[in-house]
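Right, one structure below, let's go through it.
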Amino acid sequence: MNEKVLHTLEYDKIVELLAKQAGSEAGAQMCRRLLPLNDVEQIRTAQLQTTDAVNRLRKKQGPSFGPLIDIRPAVMRLDIGSILVCEDLLHISRVLDCASSVRRFLEPENDETPVDSLTVYYESIDPCDLLNNEIKRCIISIDEIADDASPKLKDIRRRQNLTKMQIQKTLSNMVSSASMKAYLQDSVVTMRNGRYCIPVKQEHRAHVPGMVHDQSGSGSTVFIEPMAVVKLNNDLKELHLAEEEEIQVILSHLSAMAAGNSEMLKLDFKLLAELDFIFAKARFSESIKGNAPDFHEEKYIALKKARHPLIPAKTAVPIDLELGKDFNMLIVTGPNTGGKTVSLKTTGLLCLMGQAGMHIPALDGSSLCVFEEIYADIGDEQSIEQNLSTFSSHMKNIVHILEKADADSLVLLDELCSGTDPTEGAALAQSILTRLNQFGARCMATTHYAELKVFAMSVKGVQNACCEFDVETLRPTYKLLIGLPGKSNAFAISGKLGLDERLIEDARARLDNSSIAFEDVLADIEINKKNAELERNRADAALMEAEKLRASLEKEKAELEKKKNDILRDAKSEAADVLRQAKEYADITIRDIRKVSNGANLSALERTRTQLGKQMKEALDGLGDLGGVRVQAKKKVKAEEIRQGTFVRVLSMNMEGTAVSSPDSKGKVSVQLGAMNMDVPVSDLEILEAPAEEAAGPRFARGTRTGTGQIQYSKAMGVSTEIKLLGMNADDALTELDKYLDDACMAHLEKVRIVHGKGTGVLRNAVRQKLRRDKRVKKCYEAEYGDGDSGVTYAELR
């Protein structure tokens with residue numbers, strides 16, 4: 001892209017604003033070097049990276065790139081074997097800290113987090129934790145190495161401290177002694193040339209043996225290192241040299257570690273600078289309320305509510321613009337200061353930004369295409385030095401454009417062929433536009449020439465446009481209207497500014513009738529266009545309201561459907577719970593009936609039945625009317641209606657039976673339920689019509705037991721836990737045992753006792769062999785001593 005157009009369209013100002021969003025100098029430099037791309041795939045990738053960065057910043061605050069210092073010179077010195085100083089190593093540590101922070105920011109929250117275009121950076125960045133931790137352990141600041149950097153350094157510094165303490169103790173004793181006070185200028189210990197000294201008066205220097213290292217400016221004081229501490233000071237100096245040597249060893253060790261990671265350090269810096277640049281684009285997008293444009297292969301532009309990014313969003317008037325689909329050339333007319341030039345610059349600048357991978361300040365769904373070159377002739381480029389007039393400077397630019405422009409170019413021309421004779425200028429402008437139209441270039445041109453309005457109406461592929469002007473307030477609205485030529489409104493503006501009305505009328509009279517008629521037609525078109533626009537806005541508003549209402553109704557419908565499904569699901573769950581409880585109640589009742597058959601206490605059974613009935617009643621009450629399983633009396637039963645032989649239903653158990661007696665004084669009726677007899681309150685009964693098979697026993701409300709099912713039920717209720725096979729031959733005994741096992745399994749018996757006697761052992765062996773092979777038997781074993789031992793076998797049933 002030519003540099004001239006970048007300056008003309010103020011692209012350079014955009015990249016400076018972009019650079020301010022970067023956190024590091026490296027990222028800012030990438031922003032300043034950013035140029036529009038010409039490869040559509042590279043542009044889409046850059047746009048996708050910006051979009052993904054925006055999405056991440058909207059979820060959480062972005063990482064800081066402030067610690068990103070350019071470590072490339074230091075790494076280059078490592079490659080040639082140099083030893084880095086503390087400052088360089090600390091810079092490397094800061095970059096690795098930045099890498100670690102950025103990697104945590106990019107880390108997926110969970111396994112279901114979708115992969116985006118920035119995930120590859122997370123996978124590629126290596127914070128080199130081992131190197132970073134070692135640098136932090138050894139180096140405290142630019143001029144300080146930690147004592148624990150190495151055991152030798154720690155020992156040297158320990159000895160330094162001990163030597164210093166000895167020196168200070170010796171000198172402190174000297175300056176505080178009464179014999180020395182007369183010789184000293186002051187009772188202090190000071191340092192001169194790295195050695196501990198005491199201030200001695202000049203006239204008493206002979207009384208203090210030692211080495212003179214300095215004297216005061218007046219010469220009245222000399223600083224003497226007493227002989228008593230000379231050796232200690234020498235030791236201290238040697239320890240200091242040993243310390244410096246050990247520090248060099250430590251720095252050499254850290255430099256060697258860094259050299260081993262030099263390639264990764266270079267890659268980390270490069271990736272971090274790129275990420276800083278990408279997130280700078282994302283933050284800039286947020287600042288201008290930008291969106292990613294769609295890029296396609298066809299050469300057309302479709303901008304929706306586009307704004308100039310350098311004009312504050314509150315004052316900028318958005319424009320809608322299409323170019324390259326139905327027409328390749330747009331002729332924009334209208335009054336001065338009406339927004340024509342801004343529309344030109346907005347279009348060109350947004351194309352440059354989009355091709356550079358930046359979001360543009362336009363609504364989502366705006367479309368751009370890739371232009372190999374963008375040419376612009378905007379503004380007054382008159383040059384006194386080159387002896388060029390305004391017209392000549394413009395024409396020089398246009399000559400260059402005509403030499404270079406083609407079908408892959410966007411051409412922006414402001415006030416085409418102005419600054420010369422209007423007749424010649426209009427003719428020349430038409431010829432230039434015709435040539436550009438033949439090239440297939442996409443072009444926008446602003447003009448005041450009425451001839452160009454007619455040109456746009458008569459030439460295929462050329463369309464009129466205007467910047468709207470409010471004739472009532474005589475102020476421009478800055479809105480771009482496609483398909484409508486504009487009026488210059490020179491008379492109206494002049495009158496508004498105070499020009500004598502008689503002059504304006506005189507000027508209007510000098511216009512020819514065809515010009516007046518043409519302007520009147522334009523005025524009528526503009527009024528009709530505005531009215532149509534208002535009607536369309538009303539229709540759009542009504543449609544939007546209808547869409548909102550439809551969406552609201554669909555949402556309510558979905559919520560009602562969800563509530564309905566939730567209620568049905570809960571009802572089914574409750575019904576399943578009731579059925580499960582009913583099965584448990586039935587199992588308990590069967591076991592209790594079996595106990596009754598074996599001579600158990602009937603009063604205990606009655607108490608159990610009553611308790612179970614209460615539990616089932618509570619469960620059914622909790623279920624309410626859902627599920628349709630609760631049994632209720634059709635009408636309230638009176639005590640006098642029940643007599644001996646009345647067929648009834650026990651509501652709490654949902655079982656049917658026969659009243660054995662009339663109600664007693666407590667309002668209870670003795671009811672026969674199969675093999676079980678119970679005392680039931682009248683309130684828990686419902687009178688039924690006596691069935692034809694009344695003597696067949698109890699039945700459940702869900703269906704009367706008949707035939708085989710009724711016989712099996714009666715048999716199950718009276719099965720004993722013991723069978724006697726004494727005196728039978730083996731075949732007969734096994735037949736009886738097989739029938740007994742069927743009945744025992746039906747009655748849910750867990751263990752049965754089989755009496756076969758001892759005898760010769762033939763019957764015992766036959767019984768036990770059958771039990772071991774029978775799938776209904778879990779295991780069998782001989783009875784214990786005193787319980788029949790070998791004459792009895794116990795079988796546990798499945």
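The values are calculated or read from the model by the stated rules, or taken from the named source; none is laboratory data. Fair warning: this is a prediction, and the values are worked out from it, not measured in the lab. Here Cβ is always computed from backbone atoms with ideal geometry, including for glycine, and neighbour counts include all displayed protein chains. Heavy atoms of the whole protein, side chains included, go into the accessibility calculation; ligands, DNA and RNA do not. Shrake-Rupley method; radii C 1.70, N 1.55, O 1.52, S 1.80 Å.
Quick check on Ile69: is it within 17 Å of Ser24 (Cβ to Cβ), of a type in the set (Val, Ile, Thr) and either surrounded by fewer than 17 Cβ atoms within 10 Å (Cβ to Cβ) or touching a helix residue (DSSP H, G or I) at 6+ places or on another chain (Cβ under 9 Å) (or both)?
So Ile69 fits the description; yes.
Of (1) at pLDDT below 70; (2) open to solvent by less than 50 Å² (accessible area, probe 1.4 Å); (3) more than 54 Å from the chain's Cα centre (by Cα), Gly599 satisfies all except one. Which?
(2)
Please determine, by comparing only the residues of region 89-104 that are open to solvent by 30 Å² or more (accessible area, probe 1.4 Å) and not hydroxyl-bearing (Ser, Thr, Tyr), which one is farthest from Leu275 (Cα to Cα).
Applying the filter and picking the extreme gives Leu90.
Run down Ala541, Ala517 and say which single residue is among the hydrophobic types (A, V, I, L, M, F, W, C), modelled with pLDDT of 70 or more, over 16 Å from Val332 (Cβ atoms) and surrounded by 10 or more Cβ atoms within 10 Å (Cβ to Cβ).
Ala541
Where residues in region 390-418 are of a type in the set (D, E, K, R) and within 18 Å of Gly348 (Cβ to Cβ), which of them is least open to solvent (accessible area, probe 1.4 Å)?
Only one residue tops the list, namely Asp414.
Every residue, every condition in (1) in contact (Cβ under 8 Å) with a residue 60 or more places away in the chain; (2) surrounded by fewer than 24 Cβ atoms within 10 Å (Cβ to Cβ); (3) not in a helix (DSSP H, G or I), yes or no:
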{"site": "Phe295", "(1), (2), (3)": "yes, yes, yes"}
{"site": "Leu303", "(1), (2), (3)": "yes, no, yes"}
{"site": "Val317", "(1), (2), (3)": "yes, yes, yes"}
{"site": "Asp320", "(1), (2), (3)": "yes, yes, yes"}
{"site": "Lys345", "(1), (2), (3)": "yes, yes, no"}
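If Asp570 meets every condition in (1) touching a Leu at 6+ places or on another chain (Cβ under 9 Å); (2) modelled with pLDDT under 75; (3) open to solvent by 70 Å² or more (accessible area, probe 1.4 Å) apart from one, which number is that one?
Result: Asp570 fails condition (2) only.
Every residue in region 722-757 that is of a type in the set (Lys, Arg) and open to solvent by less than 80 Å² (accessible area, probe 1.4 Å), please.
Answer for region 722-757, where residues must be of a type in the set (Lys, Arg) and open to solvent by less than 80 Å² (accessible area, probe 1.4 Å): just Arg753.
How many residues are under 11 Å from Ile723 (Cβ atoms) and in a strand (DSSP E or B) when one looks only at region 741-758?
4
Taking Ala26 as meeting all but one of (1) under 30 Å from Ile145 (Cα atoms); (2) open to solvent by 60 Å² or more (accessible area, probe 1.4 Å), write down the number of the exception.
Here Ala26 meets the rest and fails (2).
List every residue pair whose Cβ atoms lie under 6 Å apart, where the two residues are 6 or more positions apart in sequence or sit on different chains, the first residue falls within region 729-746 and is over 19 Å from Arg798 (Cβ atoms), and the second residue, located anywhere, is part of a helix (DSSP H, G or I) and open to solvent by less than 50 Å² (accessible area, probe 1.4 Å).
Pairs found: Ala730/Leu763; Ala730/Ala766; Ala733/Leu763; Leu734/Lys770.
Would you check if Leu251 is within 30 Å of Ile92 (Cα to Cα) and open to solvent by less than 70 Å² (accessible area, probe 1.4 Å)? Can you show your working first?
Details: within 30 Å of Ile92 (Cα to Cα): yes; open to solvent by less than 70 Å² (accessible area, probe 1.4 Å): yes.
It is true that Leu251 is within 30 Å of Ile92 (Cα to Cα) and open to solvent by less than 70 Å² (accessible area, probe 1.4 Å).
Among the candidates Val792, Val767, single out the residue that is without any contact (Cβ under 8 Å) to a residue 40 or more places away in the chain and surrounded by 14 or more Cβ atoms within 10 Å (Cβ to Cβ).
Val792
Would you call Leu37 closer than 22 Å to His308 by Cα and in a loop (DSSP other than H, G, I, E, B)?
Yes: the conditions hold for Leu37.
Let me confirm something: among Lys289, Lys299, which residue is touching a Cys at 6+ places or on another chain (Cβ under 6 Å) and in a loop (DSSP other than H, G, I, E, B)?
Values: Lys289 fails: touching a Cys at 6+ places or on another chain (Cβ under 6 Å).
Selected residue: Lys299, the only one of Lys289, Lys299 that is touching a Cys at 6+ places or on another chain (Cβ under 6 Å) and in a loop (DSSP other than H, G, I, E, B).
Looking at region 17-34, which of its residues are more than 30 Å from the chain's Cα centre (by Cα) and either part of a loop (DSSP other than H, G, I, E, B) or at pLDDT 95 or above (or both)?
Arg33
Looking only at residues that are under 16 Å from the mean Cα position of the chain (by Cα) and aliphatic (A, V, I, L, M) in region 103-139, which one is farthest from Ile247 (Cα to Cα)?
Applying the filter and picking the extreme gives Val115.
Output the residues belonging to region 671-700 that are open to solvent by less than 50 Å² (accessible area, probe 1.4 Å), at pLDDT 80 or above, assigned to a strand (DSSP E or B) and not charged (D, E, K, R).
Hits for region 671-700 are Val671, Val680, Pro681, Leu685.
From the residues in region 134-161 that are aliphatic (A, V, I, L, M) and surrounded by 14 or more Cβ atoms within 10 Å (Cβ to Cβ), which one is farthest from Val229 (Cα to Cα)?
Result: Ile135.
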